[in-house]
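Working notes, structure below.
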Amino acid sequence: MHMAGVRFLQGNIACAEGAIAAGCRFFAGYPITPSTEVAEWLAQRLPKVGGVFIQMEDEIGSISAIIGARWAGVKAMTATSGPGFSLMMENIGFAAMTETPIVIVNVQRGGPSTGQPTMPASGDIMQARFGSHGDYAIIALSPNSVQEMFDLTVEAFNLSERYRVPTFLMADEIVGHMREKVVLPEEVETFTAPLSKKGARYYFKPDPKTLVPKMQVFGRGYNVHVTGLTHDERGYPATNDAKVHARLVRRLVEKIEKNADKIIKVEEHHLDDAEVVLIAYGAVSRSALAAVRELRKRGIKAGLLRLVTLFPFPEKLLAKLARRAKLVVLEMNLGQILREVQRCAKRDVHFLPKIGGELHTPREIVKFVEALK
Amino acid sequence: MRVEVRFSGFGGQGIVTAGIILARAASIHDGKNAVQTQSYGPEARGGASRSEVIISDEEILYPKVLNPDIFVVMSGQAMQKYIRDLKKDGTVIYDSSLIKTPPERGKAFAVPATLLAKRELGKTIVANIIMLGALTSITGIVSREAIEKAVLESVPKGTEELNKKALHMGFEQGDGLLR
């Protein structure tokens, strides 16, 4: 089983142990800094818990292998960083279209291209949401501590299974590589997509409430057809039928959007009376909270909205906050979640980006907020 | 109280390991909060290596070290590069068998760790553990019991005695310098 108890661990290793705790028994990946320790650790650990680890030829092979493993009935994950993430995009769309529950860990580094292998960034946020072609929806989470590298990996598996959707753990080099004390529970709550009856005709007919269909497993007598082509509720291609396509693709998006309130998690710090609300996620949110505490000491009513879930995006909450407070977005890119905030806020949004591989310091944030008129 | 410690030297000297052991001692055995981070180039050995630890009784939010209170340094290159970041009244503990010029600022403590490791223990590889011992003695940021437990948990099986000797040698070096 997974490690339990009080430990002093690196973020990437906590992520690997979270996967084991969530029931992951298959990992396929191609090592890339700063995510490599996830693969290294699982290469040792998975065989000991009855699982399989494969180092693939590249990231295209890796994502393909985990999709196949899940259809063979095994929870599966891969881990990568920028360049590998780009290579995975086509089959992330395939996973979305075939409603395959998989977890993709991206320990982000500076991009574009091979960029800065050993430095942190949050440059792949929009790629996680929109990187593959066509319309679809995904779930993406953003850990800000070693503890959350464990907890949110478990959560990512459970969400991917509940909504049958590729789910992303959008970490960064800081949380991936730093070490902190963690408390790993003996047991965690896990969820596995329920299986449908064998011999059913409409394998892709969704539950009318959740909009999610039941799952099948290859090799266990299910005569199911799984395709990336537009398919009807039997799973058969129906590529020229406008109604079938619209119904399917709308449902792929709506099964996430209509369940958004159940999926979304945020942390709210001092928002009740806040006149300036900082919006941050990942490692930056730690600096932002330190800045909020300092600003409060200086008599400025600041608060922090920390996004734990990046997608689906907490639209309603943002719209509400925008009506009564100034908004300041902080992120390690030149404006990605900023666009989401602007879309919901319908007012000017202040922005403090930082790229180059360094985290915002609390002092920089304090200075920026103090200068706002 | 937030205490920031920076270890720096060459890749291969156990700089990252030293940081991890210190943070483990503080967080697991002394019951404080600790965060360890590191920065490194693409080289595994020979390049510049840096490992940083923050120890605090309170929650640690910003996880990086900007101006260390304590600087443990094991190469001349690292001394030159980082000495200016040290807090004004900070403490420098340097390997005087590798660094000939004392630092230009801070309270300086010279520990000939690499020489001692080689001459007394026959293994230069434990120089980092001697430095950890000296650090513990000089600064008291972790207890001797905690650092010893953390060292013994972290080193490869079969090397426990060697590392324990190195740690105690470091304690003595530190005690001697404080006298």
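Each reported figure results from applying straightforward, stated rules to the coordinates on display, with no laboratory input. Please read all numbers here as calculations on a predicted model, not as lab measurements. We place every Cβ from the backbone using ideal geometry, glycine too, and count neighbours over all the protein chains shown.
Tell me what chain B gives for mean residue ellipticity at 222 nm when only DSSP H runs of n ≥ 4 count, each as -39,500 (n - 2.57), the sum divided by the residue total, rounded to 500 deg cm²/dmol.
Values: 6 runs with 69 residues, N = 179.
Calculated from helices alone, the mean residue ellipticity at 222 nm is -12000 deg cm²/dmol.
Using R₀ = 35 Å, calculate the FRET efficiency as 1/(1 + (r/R₀)^6) where r is the Cβ-Cβ separation of A:Met3 and A:Thr118; round to 0.05.
Values: r = 26 Å, r/R0 = 0.75.
Plugging the Cβ-Cβ distance into 1/(1 + (r/R0)^6) gives 0.85.
Once the dipole of the protein assembly as shown is set up with Lys and Arg at +1 and Asp and Glu at -1 on Cβ about the Cα centre, which of B:Val92, A:Leu307, A:Gly111 lies farthest towards its positive end?
A:Leu307
Go through segment A:103-192 and name the GluC sites (Glu not before Pro) that are in a DSSP coil and have 14 or fewer other Cβ atoms within 10 Å of their Cβ.
Numbers: sites: A:Glu148, A:Glu155, A:Glu161, A:Glu173, A:Glu180, A:Glu186, A:Glu187, A:Glu189; in loops: A:Glu186, A:Glu187, A:Glu189.
When the GluC sites (Glu not before Pro) of segment A:103-192 are filtered for loop state and at most 14 Cβ neighbours within 10 Å, A:Glu186, A:Glu187, A:Glu189 remain.
What is the local net charge at A:Pro34, summed over the other residues whose Cβ is closer than 11 Å to its Cβ (Lys, Arg +1; Asp, Glu -1)?
Working: positive: A:Arg109; negative: A:Glu37, A:Asp172, A:Glu173.
Local net charge: -2.
Given H placed 1.01 Å from N in the peptide plane, which residues other than close sequence neighbours of B:Gln38 have an amide H under 5 Å from its amide H?
Amide H to amide H, under 5 Å and 5 or more residues apart or across chains, B:Gln38 pairs with B:Glu52.
Label-point separation (nm) for A:Ala72 and A:Ala371, each offset 7 Å from Cα along Cα-to-Cβ?
5.6
Give the aspartates and glutamates whose C-alpha is closer than 20 Å to that of A:Lys198, dropping any in the same chain fewer than 8 places away, or say none.
Excluding near neighbours in sequence, the set is A:Glu99, A:Glu161, A:Asp207, A:Asp232, A:Glu233.
What residue among A:Ala28, A:Ala69, A:Ala319 shows peak mean-square fluctuation when chain A is described by a Gaussian network model with Cα springs under 10 Å?
Sorting by GNM fluctuation, first place goes to A:Ala319.
At 7 Å along Cα-to-Cβ for each site, give me the label-to-label distance between A:Glu40 and B:Leu115 in nm.
Taking the simple label geometry, A:Glu40 and B:Leu115 are separated by 3.4 nm.
For B:Lys165, go through the aspartates and glutamates and keep the ones whose alpha-carbon is under 13 Å away, minus same-chain ones fewer than eight residues off.
Within the straight-line cut-off, B:Lys165 pairs with B:Glu120, B:Glu148.
Efficiency by 1/(1 + (r/R0)^6): what FRET value for A:Lys258 and B:Asn67, r their Cβ-Cβ distance, R0 = 45 Å, to the nearest 0.05?
Working: r = 50 Å, r/R0 = 1.11.
Computed FRET efficiency for A:Lys258 and B:Asn67: 0.35.
Where does the protein assembly as shown land on the Kirkwood hydrodynamic radius, alpha-carbon pairs, in angstrom? Write out the running numbers ahead of the final one.
Working: mean 1/r = 0.0400 Å⁻¹.
Hydrodynamic radius (Kirkwood, Cα pairs) of the protein assembly as shown is 25.0 Å.
Under 10 Å from the Cβ of B:Gly106, count the other residues' Cβ atoms, weight Lys and Arg +1, Asp and Glu -1, and hand me the total.
On the way: positive: B:Lys87, B:Lys88, B:Arg105, B:Lys107; negative: B:Asp69, B:Asp89, B:Glu104.
Result for the neighbourhood of B:Gly106: +1.
Just checking the output field for A:282-290: average partner chain Cβ neighbours within 10 Å of each residue's Cβ?
3
Shielding by partners for B:32-38, please: the mean number of other protein chain Cβ atoms within 10 Å of each residue's Cβ.
Across the residues of B:32-38, the mean count of other-chain Cβ atoms within 10 Å is 5.
Using helices alone, I'd like the mean residue ellipticity at 222 nm for chain A: each DSSP H run of four-plus residues gives -39500 (n - 2.57), total over residue count, nearest 500.
Values: 13 runs with 143 residues, N = 373.
Calculated at 222 nm, the ellipticity per residue is -11500 deg cm²/dmol.
Taking the Cα atoms only, what angle lies between the long axis of helix A:36-45 and the longest principal axis of chain A, rounded to 10 degrees?
The two axes meet at around 50 degrees.
Residues in segment A:78-112, backbone N under 20 Å from the label point at A:Arg234 (7 Å along the Cα-to-beta-carbon vector): list them, ranges by number please.
Of the residues in segment A:78-112, A:98-99 have backbone N under 20 Å from the label point off A:Arg234.
Which entries of A:Lys181/B:Lys87; A:Lys297/A:Lys346; A:Lys373/B:Lys88; A:Lys181/B:Lys118; A:Lys205/A:Lys243; A:Lys214/A:Lys316 have Cα-Cα distances beyond 25 Å here?
Numbers: A:Lys181/B:Lys87 27 Å; A:Lys297/A:Lys346 30 Å; A:Lys373/B:Lys88 35 Å; A:Lys181/B:Lys118 34 Å; A:Lys205/A:Lys243 15 Å; A:Lys214/A:Lys316 30 Å.
Long pairs (Cα-Cα over 25 Å): A:Lys181/B:Lys87; A:Lys297/A:Lys346; A:Lys373/B:Lys88; A:Lys181/B:Lys118; A:Lys214/A:Lys316.
What FRET efficiency do you get for A:Lys48 and B:Lys100 if R0 is 51 Å and r is their Cβ-Cβ distance, rounded to the nearest 0.05? Please list the in-between numbers first.
Details: r = 49 Å, r/R0 = 0.97.
It comes out at approximately 0.55.
About its Cα centre, how strong a charge dipole does segment A:266-370 have in debye, to the nearest 20, once Lys and Arg get +1 and Asp and Glu get -1 at the Cβ? Write out the running numbers ahead of the final one.
Working: 19 positive and 13 negative charges, 50 e Å.
Roughly 240 debye for segment A:266-370.
Using only Cα atoms and rounding to the nearest 10 degrees, what angle (0 to 90) does helix A:146-163 make with the longest principal axis of chain A?
The helix A:146-163 is inclined about 40 degrees to chain A.
Quick check: pseudo-label points 7 Å beyond the Cα along Cα→Cβ at B:Glu153 and A:His245, how many nm apart are they?
Computed distance between label sites B:Glu153 and A:His245 equals 5.8 nm.
Roughly how crowded by other chains is peptide B:62-69, in terms of the mean Cβ count from those chains within 10 Å of each of its Cβ atoms?
Values: counts 13, 12, 8, 0, 2, 0, 0, 0.
Per residue, the number of nearby Cβ atoms from other chains is 4 on average.
So if each residue of separation counts as 0.36 nm, and I subtract the Cα-Cα distance between A:Lys346 and A:Thr227, what length gain in nm does that give?
38.8 nm
To test your reading of the geometry: what angle, between 0 and 90 degrees and rounded to tens, separates the Cα axis of helix A:11-22 from the longest principal axis of chain A?
40
Please give the net charge around A:Ala171, taking every other residue with its beta carbon less than 12 angstrom from that of A:Ala171, where Lys and Arg add +1 and Asp and Glu add -1. Don't skip to the answer; put the middle values down first.
Values: positive: A:Arg109; negative: A:Glu37, A:Asp124, A:Glu148, A:Asp172, A:Glu173.
Within the 12 Å Cβ shell, the charges total -4.
If you consider only alpha-carbon coordinates, what radius of gyration and Dmax does segment A:158-286 have, in Å?
20.0, 60
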